[in-house]
Each structure stands twice: as structure tokens, then as C-alpha cells.
Amino acid sequence: MLVLGIESSCDETAAAVVQDGVVIRSNVIASQIKTHAPYGGVVPELASREHLNCIDHVVGSALELAQVDLSRIDGFAVTKGPGLVGSLLVGLSYAKSLAFVTAKPLVGINHIEGHIYSVVFENPGIDYPAIALVVSGGHTSLFLIPEPEKYGVLGRTRDDAAGEAFDKVAKLLGLGYPGGPIIDKLAREGNSEAAELVFSVPRMDSYNLDFSFSGLKTAVLRYVKENQIEPVADGAEPSQSMIDLAASFQGLVIKSLLARLRQAAQRHSPRTIILAGGVACNSALRAAIAAEDFGAPVYWPSPILTTDNAAMIAAAGYPKLARGEDHGLEIAACASLKLENLSLEGYQIPKKARYRL
Ligand code: KG4
Ligand code: ZN
């Protein structure tokens, strides 16, 4: 079964052809980083305009690289949310028109579910129950997935997403956009114990696995002022104190992510742990997770599949299309779409449940 996936929720226009849910035949991504970099963040109007400019070419290239024409595609999967509504609408309208002219089914996919499926290409099959930590520019959530496509929320950020914190801190230090990869690289030269960041996190009861990053971001801002650290001017080398600050900030983000993941694994004894979303590219986070025994294997995608792409959207669409779902032309874009179809209150994982994707 060949699925054409389309993703346009933020600043990447992407299309991919995936065979039987796990084989990537093509994966084309047009990034808008250069457009948004001067503004230190994504400008929604510019993003939708760029999606419009390149979606035709991106989809055409995905078909060409997969060496198939449109008539060979068995179904379409498109991101319907969460994301920037103007950006989502470009991918959604394009996918609807393809489904209409080919008379093939179309499914709308939650972008976060897409990130979770990004691990299916390069890892063994997922054993359930699984736990997924999705850390990206827009989201930071911890899910319990007792069986395929069932998502219970164990914790989510109360304020900024982890990637958003990386981007905002990089912006205030004058380091550039997107901040995650820049801080990741810089932090390798820094001492993560050097800058003492004093911050408070909102009160959370001991059972809660929610995250909070905005206090940490404010602590960086205060530290910069108190220590008179000047933002990096265009093209200049950052000072050692700034490098140490970046390393300290990153170290605390990783510590917070690891603490929640560790607790979730202890409580729910998953058979697989999934690490996904743009921040999962972070080399120190990967190293810290690899060094720890969670009692279950941890799967993550290679960098190109970790940040936004359409192969993950096609993979998430595959099981739905394979069982005959067709969401038709009525799918609406939803900027704040949640991924949660299971309440965990009093929920017990059935003892015999063993699923494999
Ligand atoms: O998943 P993604 O491409 O888009 C969203 O769904 O948000 O994630 C983008 C985010 C950005 O905030 C970026 O700074 C962050 O992922 N990111 C990283 C790294 N690479 C990308 N954060 C930390 N370390 C990295 N190496
Ligand atoms: Zn994403």
C-alpha cells in the first residue's frame, strides 16, 4: 500500500511516499529557516505564503523520487493540526484536491501522532504498552500508549515547550534561529555547572508529570542582566561565559525531561520508550537517555525524521487507511488539536495486552 503524506503545519513544506507504513520511498522537505531567521521565529503570514509557493513542487518531487505517478497512490494522509492555521490549510487543501481527483481516501493526522510514528522506520516494531516523550518547538508531552493509537496524557508543559525555550534563549543571547541546534553545538564546549540559574517551577503535586520551562527562560534572562552578558553581535564568537550559560540551560532542560521520563517508566513499566520531536535531535539528551536503563528499549528517529517531515504523517495514516478509514473532504484544520483519546483516571493496563506494530 502506497501512502502519500503531506505536512505543512509550521515552517516546513513536506511530502513523502511511504510503502506499507514502514518503507520510505521518498521524503522531501522544503525548509523555510532562511525566511524566518531574520525575525528570530516563524512569521505565520510568510510561512503560509511559502507553503503555497512550493507545495506543488514538493509533492511533485516526492512522487518523482518514489518513481510512481499519482494514480499508483492508494491513499493520502495530511496533517490537520496542531499548527499555524494558515499553514495547515495549504497542505490540507492540496491533499483534498489530490484525493478528489484520484477518488482515493484521505485521512487527517494529528501532527503529534505523526512525531510518535517517526520511530517506525529505523527501529524494531513497537511493543506496547509504550511511553512517548514528544519534545518539539510547539509541544512537550509525555504519553502512555497502552495499545496502538490509544493516547493517554501523563504530563504536558504548563507554559513553554522545550524547543520554544531553546529558541527563545538563543534569541535573547543573539545566537540565531532555530536555537536548538545552535545551543546543542555550543554547549559541547561549555561547562553545564558554571552558570548557576536560580528559578522556580510552578507547584506540582508529586504524582504530576507536567513540565514547565518558562521560569528557566526567565532565569537565563536575569542571569544575562546580572552578569552583564552582551548578546552576540552578527558573526561574532560567543564568550566562554555565554557558552557556559548555554550548557547550563541545556543541562537543566535535559534534567527535567529525564526526571519525568524516569518516573513515567517506573510507574508504567512500558515495553518501548519513544523519544520524538525536534528537540529529540539534541545530542546531550540522546547521550543522557542512552546512558540510562529505563527497563525498556528507547527508540528515536534519525535527525531528518526527528524534525518535521511527511514520512511520519504517512506512517501515522497507514493503519487508518489500511482499515478503510476515509475522512473525506470535510476535514477541518485545527490549530490547537490535542492528542488524547484515553483518560488515565483509574486506568489499568490489561495484564495480557501485548501488541506489536
Ligand atoms: O518537531 P519540530 O521540527 O517542529 C515542531 O513540531 O515544533 O521541532 C522544532 C524544534 C525547534 O524549537 C528547534 O529549536 C528544536 O526543535 N531543535 C532542537 C535541536 N534540533 C531542533 N532542540 C535542541 N537540540 C537540537 N539539536
Ligand atoms: Zn513537529
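Where a number appears in this text, it was derived from the coordinates with a stated rule and is not lab data. These numbers come from a predicted model, not from an experiment. Cβ coordinates were reconstructed from backbone atoms using ideal geometry, including for glycine residues, and neighbour counts include every protein chain displayed.
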Model label zone, Asp127; criterion: amide N under 14 Å from point 7 Å along Cα-to-beta-carbon; scope the stretch 289-310: 294-299
Solvent-free Debye scattering, log10 I(q)/I(0), computed from the Cα coordinates of the chain at q = 0.11, 0.12 Å⁻¹: -0.74, -0.87
Helical contribution to [θ] at 222 nm, DSSP H n ≥ 4, -39,500 (n - 2.57), averaged over the chain, rounded to 500: -12000 deg cm²/dmol
Stretchable slack from Leu342 to Ala103, in nm (0.36 nm times residue separation minus alpha-carbon distance): 82.8 nm
Residue order, fewest to most surrounding Cβ atoms within 10 angstrom, among Met1, Met312, Met242: Met1, Met242, Met312
Exposure proxy order (Cβ contacts within 10 Å, fewest to most) of Phe76, Phe166: Phe76, Phe166
Set Lys185/Lys338; Lys168/Lys338; Lys255/Lys338; Lys96/Lys338; Lys34/Lys150; Lys34/Lys104 screened for pairs whose C-alpha atoms are more than 29 Å apart: Lys185/Lys338; Lys34/Lys150; Lys34/Lys104
Fewest-first ranking of Arg286, Arg188, Arg323, using other Cβ atoms within 10 Å as the exposure measure: Arg323, Arg188, Arg286
About the Cα centre, charge dipole magnitude for the stretch 52-171 (Lys/Arg +1, Asp/Glu -1 at Cβ), debye: 320 debye
Full-stretch length increase - Glu330, Gln240 - with 0.36 nm per residue and alpha-carbon distance subtracted: 27.0 nm
Gained length - Asn208 relative to Gln266, 0.36 nm times residue gap less alpha-carbon distance: 19.5 nm
In degrees, nearest ten, helix 214-226 long axis to first principal axis of the chain (Cα): 40 degrees
Inter-probe distance in nm under a simple model that places probes 7 Å from Cα toward Cβ, at Glu149 and Ser61: 3.2 nm
Long-range amide H partners of Ser26 with built H, under 5 Å: Val17
Residue-by-residue Karplus 3J(HN,Hα) for the stretch 37-44, coefficients 6.51, -1.76, 1.60, Hz, glycine and proline x: 3, x, 9, x, x, 6, 9, x
